[in-house]
Amino acid sequence: MLLFYQSLALGQNQVDFIPSLFSKTCSGTTMKFDAVFTPSEISVTSFDFEDGRLPTGWEASPFLVGTPCDPPRGDTTPPSNYFWATTLYTGGGENNGKRFVQTSAVDVSEGGSIEFIIRYGADDPYVPSGTENCEDGDAANEEVYLQYSANGGAWVTMYDDWDTVNGYGADWYNWHFNDIAIPDGAKSSSTRFRWRQPANSGFMYDNWGLDDIKVKAIPPPSASWEASYSGLSSDSINVASNTVSFTKLFPPSNVNKDYSITVSTTLTNGTELGISKTVNVEASDTTNPTITVPSDIVTDTLTGLCKTSAILGTPITSDECNGENYVGTIAGFSGNLSDYEYPIGITTITWTVSDTAGNTVSSNQFVTVEDNEKPVLVIPTDIVTSTCIIDFGAQIATATDNCSTSLTPSYTIASNGGNIGLGINTIIWHVTDQKGNTTSDTQVITVSDTTVPSITVSSVTVTETFA
């Protein structure tokens, strides 16, 4: 789908372009642009005769600016002042005794047109001794001719169809609009135009008028083109033509993207014209890459430590454009995975693969670290004693563990019914860490009786009675 909006049009000269999809590859989306410059005529000199001041470079025989002719035939639409040829030119040369209006020299190298309205007098009024007559011309050579002079050359008639007729029957005996194309012979960088009446019957006769003269020229052609794209490098197209086609490769993407695109042309006279549009460029690649992560890992802690290291392996990835790139991450860790120390429990490694168009897929690998290391138990030394009284408060066992920080060993008297007695007594010390790993060790207490028993006899008094 292509969406575009015109945002710039300069004057009547239109630059336009039509975007279309050219191709979609792994390198991106290529768009084709067909651009055209359509020249439109522009006014290069004009005069509306609202006052008597001719534009710079214009010339004319003496004339009246006003509305000397009678309405309604004499009025322009809407009514306004106009040029009216009255008295004759007296400056000498070929125009001596003639009536004329002549423009300044203008550049019409590429052609153009001349717009104006013209009118012959229709005895509206005719005053035999007046100087502001609207008297009609009746001789064939009393008509008005439109002429040109290219680059200072001879005057050439380009239009001569405003013939004089009897009875004011032609359209130009009323105000008559004309739009006359500039002929090939008049196309130059310095062309003058003039309306000239070669003959008349005197200053009171054969009057005519003009109004709203506008000489319009077609601008010169394109000399070169340029295209700019938001966020991308611009392109110069050195083609001297009013039409041009070119392509642009846009970066790979997995979504449609809008670009502001300006296409401009520089004309042969240095004038620059352009247009801007928003162009929606289609996604070049919407297919996700694939990833197969390494197998999950189950491992023990390192000896004496409550952590371990792991060799994760390498994911297997693929993409239709062979531009995939993968990365592994652990939440909360920003270093290299090879430096990570895995704690007890399950650690999730998220492997993410993305291609050049931005398509992304993730999958998880799990590393499970178990604590199977038994605590280290140090028990009191064996005891050989000849007393049956043992102070267990002085019998201290200690324990350490790779993960548990506080362990208290306990013991069990495994002989003599749980009591210390003569002979060999077995004391079993044991300790269990937080993961249920248990260590036991045996202490032997030997009790022997080497003390000779003593006896204390009470004194006995014997009394004998003789009879």
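The values are calculated or read from the model by the stated rules, or taken from the named source; none is laboratory data. From a predicted model like this one, the values you see are computed outputs, not experimental measurements. Every residue, glycine among them, receives a Cβ derived from its backbone with ideal geometry; neighbour counts consider all protein chains shown.
Miscellaneous remarks
- Scanning the stretch 175-204 for residues being in contact with an Asp or Glu (Cβ under 6 Å, 6 or more places away or on another chain) and either within 28 Å of C134 (Cβ to Cβ) or of a type in the set (A, V, I, L, M) (or both) gives a total of 3.
- Selection from the stretch 122-164 of residues that are touching a strand residue (DSSP E or B) at 6+ places or on another chain (Cβ under 9 Å), modelled with pLDDT of 95 or more, on the phi < 0 side of the Ramachandran plot and assigned to a loop (DSSP other than H, G, I, E, B): E143, V144, W155, D160, W162, T164
- Among the residues listed as T405, T347, T356, the single one being of a type outside the set (K, R) and touching a Gly at 6+ places or on another chain (Cβ under 9 Å): T356
- The lone exception for I261 - which of (1) β-branched (V, I, T); (2) out of contact with any Lys or Arg (no Cβ under 9 Å at 6 or more places or on another chain); (3) outside any loop (DSSP other than H, G, I, E, B) it fails: (2)
- Among the numbered conditions (1) farther than 30 Å from T301 by Cβ; (2) modelled with pLDDT of 90 or more; (3) part of a loop (DSSP other than H, G, I, E, B), the only one that K435 does not meet is (1).
- Condition met for S276 (free of Cβ contacts under 8 Å to residues at least 24 places away in the same chain, part of a strand (DSSP E or B) and not aliphatic (A, V, I, L, M)): no
- Any chance S284 is exposed (fewer than 12 other Cβ atoms within 10 Å of the Cβ) and at pLDDT 95 or above: no
- The single residue among T347, T317 that is in a strand (DSSP E or B), surrounded by 14 or more Cβ atoms within 10 Å (Cβ to Cβ) and more than 34 Å from the chain's Cα centre (by Cα) turns out to be T347.
- Residues of the stretch 294-311 satisfying the condition of being touching a strand residue (DSSP E or B) at 6+ places or on another chain (Cβ under 6 Å), in a loop (DSSP other than H, G, I, E, B) and surrounded by 14 or more Cβ atoms within 10 Å (Cβ to Cβ): P294, T301, L302, A310
- For S386, the conditions (1) of a type outside the set (A, V, I, L, M, F, W, C); (2) surrounded by fewer than 14 Cβ atoms within 10 Å (Cβ to Cβ); (3) outside the structural domain of S440 (by TED's automatic domain parsing) all hold with the exception of (3).
- In summary, A283 fulfils each of the numbered conditions (1) within 30 Å of A357 (Cβ to Cβ); (2) free of Cβ contacts under 8 Å to residues at least 24 places away in the same chain; (3) assigned to a loop (DSSP other than H, G, I, E, B); (4) of a type outside the set (D, E, K, R) with the single exception of condition (2).
- Set N207, N133, N141, N200: member being more than 21 Å from P55 (Cα to Cα) and touching a Cys at 6+ places or on another chain (Cβ under 8 Å): N207
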